Amino acid sequence: MDDAARILDDTLHALATDVGAALQSHHLMLATAESCTGGWIAKTITDIPGCSAWFDCGMAAYSYEAKQALLGVRPETLTEHGAVSRETVLEMVSGALVTSGASIAVAVTGIAGPGGGTTDKPVGTVWIGWKRRGGYPQARLFHFDGDRDAVRRQTVVASLRGLLELAV
């Protein structure tokens, strides 16, 4: 692991700790719905001792079928917009709250590379969605640089930062 990756890992741990403190102080439970990160957000959260007080569950839904079965993403959403889209991530984050006991959720879907990118959706394209139970979902488009690991790591950082903003 290079120095930049090590610094980002320290950032991940610090962010996850801050997210946990914010969620716990507001009595919120978290669910994650992850595609391109494959559970990395949940792993970062569960690296924090005591996270069972504020972490409910994590779902890694990579395939279209898993997104539909675990998160209630509609087949027509995937057909019309694709897995990497605002529409899909909004359904993912809403579905995470429906299928869990959580009160706040984050969802991610993207193209981490090295392949899979297109002109419209190049490698590094990531959609992140956040939602509090009873509220409206939010989604944001990111374009991250670097290799697969770097794109995924930056996605986790952005996800945690968004959770921190939404939790307070």
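The values are calculated or read from the model by the stated rules, or taken from the named source; none is laboratory data. Computed from a prediction, not measured in an experiment: that's the story for all the values here. For neighbour counting, all protein chains shown are included, and Cβ atoms are generated from backbone atoms with ideal geometry for every residue, glycine included.
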Tell me whether region 68-78 contains one or more residues that are under 18 Å from LEU163 (Cβ atoms) and not charged (D, E, K, R).
yes
From the list LEU28, LEU23, which one is crowded, with 23+ Cβ neighbours inside 10 Å and either over 11 Å from VAL157 (Cβ atoms) or without any contact (Cβ under 8 Å) to a residue 60 or more places away in the chain (or both)?
LEU23
Exactly one of ALA14, ALA53, ALA61, ALA21 is under 17 Å from LYS131 (Cβ atoms) and of a type in the set (Gly, Ala, Ser), and that residue is ALA61
Among the residues of region 111-142, which ones are on the phi > 0 side of the Ramachandran plot and touching a strand residue (DSSP E or B) at 6+ places or on another chain (Cβ under 7 Å)?
GLY124
All but one of (1) under 12 Å from the mean Cα position of the chain (by Cα); (2) closer than 19 Å to ARG153 by Cβ; (3) in a helix (DSSP H, G or I) hold for ALA4; state the number of the condition that does not hold.
(1)
Return yes or no: is TRP54 under 24 Å from TYR136 (Cβ atoms), modelled with pLDDT of 95 or more and crowded, with 19+ Cβ neighbours inside 10 Å?
yes
Residue pairs within 8 Å by beta carbon, gap of at least six or interchain, first lying in region 137-150 and in contact (Cβ under 8 Å) with a residue 24 or more places away in the chain, second surrounded by fewer than 16 Cβ atoms within 10 Å (Cβ to Cβ) and not in a helix (DSSP H, G or I), listed first then second, are ASP147/PRO114; ARG148/PRO114
